1. Determine the sum of side-chain charges near residue 40: Lys and Arg each +1, Asp and Glu each -1, restricted to other residues whose C-beta is under 11 angstrom from that of residue 40.
2. Put a dot 7 Å past each Cα toward the Cβ at residue 74 and residue 285; how far apart are the dots in nm?
3. Once you order the gyration tensor axes a ≥ b ≥ c over the Cα atoms, which shape class does the range 126-169 get: rounded for a/c under 1.5, otherwise prolate or oblate by comparing a/b with b/c?
4. Please give the length that would be gained between residue 372 and residue 204 if that part of the chain were fully extended, namely 0.36 nm times their separation in residues minus their C-alpha to C-alpha distance (nm, one decimal).
5. What list of ³J(HN,Hα) couplings, whole Hz, do you get for the range 247-253 from phi and the Karplus terms 6.51, -1.76, 1.60, once you set θ to phi - 60° and write x for glycine and proline?
6. List, in order, the whole-Hz ³J(HN,Hα) value for each residue of the range 227-238 obtained from phi through the Karplus relation with A = 6.51, B = -1.76, C = 1.60 and θ = phi - 60°; use x for Gly and Pro.
7. Once the other residues with Cβ under 13 Å from the Cβ of residue 119 are scored (Lys, Arg +1; Asp, Glu -1), what is the net sum?
8. Leaving out ligands and nucleic acids, note down the accessible area per residue over the range 238-390 with a 1.4 angstrom probe, in whole Å².
Amino acid sequence: MGKGVFLSGSVVYFTLHVGLSAAEVGIGLSAAGFAGLVSSVLFGIIADRMRKRTLLFALFAAVAVGFGLYSVVESAVEFYVLVMLIAFLDYGIGPTENAMVATLIPDGERVRLNAMMRTVFNIGFSVGIGIAAVAALSERLLVLIPVGAAVLLGLAAALVTRLPVGAPRKAATRPRPFGAVRDLRFLAVVGLSAVLASHITVLMVVLPLWTLNRTSVPPFLVPLMLVINTAFVILFQVRASRGAETVSGAALTGRRAGLWIAAGCAAVSVTAFVDNAALAVVAIVVTVLVVSIAEVLQAASAWGMAFGLAPKHAEGEYLGAFDLHVASQNVVGPVFLSGLVISLGFWGWAVIAAVMLAAAWLIVPAARRSAEALTAPTQPEDVAEVRGAA
């Protein structure tokens, strides 16, 4: 709920209440994405070396304080510093949560649990959007956006204390730090997953820009894309996770996600040749549904491969490194994909579809090679080094 309040209302708050320009807000959010590239691996390493519940509580509490501090931001410089600090901490929550899941939950149940957590997250996120919408009704109420997010994240921190502790690994089995980012076979899977995670940018950035600039679809329908997508994820994420509990099953699920993204690109590209508003609306809605299918499949695929390819002695670090597939896509995707489509039109969508098909073809053999290297008979501290050299 806290994330829903802030993410849906932050642009309104910083432009209307703080007085920042759209460019300044955009620069700050891009800088936040770069901060996450570092912290996801770092906090994964930390999660391997301390009690995971303690770390998760500290991160939630720190992010809650950071959201609260947004209410006193008065300049772009203050905004840049705070947004990067909060992003650095916030990107550590995902790896820490996953490390705790890996510690406490049996292998076959982890993907389904993550799917259930994502479903509940989307329900809470939707409630948060409603709270932000109410706050945006009046300029005086806008301050409720950062304050409300801070209070809700603080409550989340309190709930963390009810979770099991999640003890760190024994010192004798601790690996050398940053072994995951030297593991070339593992990084190949992460890179291909980053390509397949482009559904995020397609749905949140590229499709709205295309709809507004290249079609006759009424602008008021653009926000409904997020509503349709959120409802779809709530209804089907758990079902889509079936079969992704193993590395091979997760890779096949990722391949299906790539095929669906390519199909979505084909569906929306039809609007490049259609002037009829009704037909364009149908094409856009079909595209949203198709890309939403890709989203739930790719999310399940990522969980299955992340848990399955993380060695027991460095689960937190590898899970944090796998999170780079989302962080890197958030940094590169919006600029590259939106520029490609807006400048090339139909052919831009065709290029994206071709890249998705290539990633879908490569993800299965890449995951298989990484899994084979993981099961090779090596000493725990040498696993990352051997796999990287391979």
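The values are calculated or read from the model by the stated rules, or taken from the named source; none is laboratory data. Nothing here was measured: the structure is a model prediction, and the numbers come from that model. Glycine gets a Cβ as well: all are built from the backbone with ideal geometry, and neighbour counts include every protein chain shown. All accessible areas refer to the heavy atoms of the entire protein, side chains included, with ligands and DNA or RNA removed. Shrake-Rupley method; radii C 1.70, N 1.55, O 1.52, S 1.80 Å.
1. Details: positive: none; negative: 90, 317, 323.
That works out to -3.
2. Those two pseudo-labels are separated by 5.0 nm.
3. Values: a/c = 4.57, a/b = 3.28, b/c = 1.39.
Here the range 126-169 falls in the prolate category.
4. Working: separation 168, 0.36 × 168 = 60.48 nm, distance 3.60 nm.
The residue 372-residue 204 span can extend by a further 56.9 nm.
5. Here the 3J(HN,Hα) series is 4, 5, x, 5, 5, 5, 5 Hz.
6. 5, 4, 5, 4, 4, 5, 4, 4, 7, 10, 4, 5
7. Numbers: positive: 112, 118, 239; negative: 295.
Net of charged neighbours comes to +2.
8. Working: 6120 Å² over 153 residues.
Spelled out: the 1.4 Å probe surface of the range 238-390, per residue, equals 40 Å².
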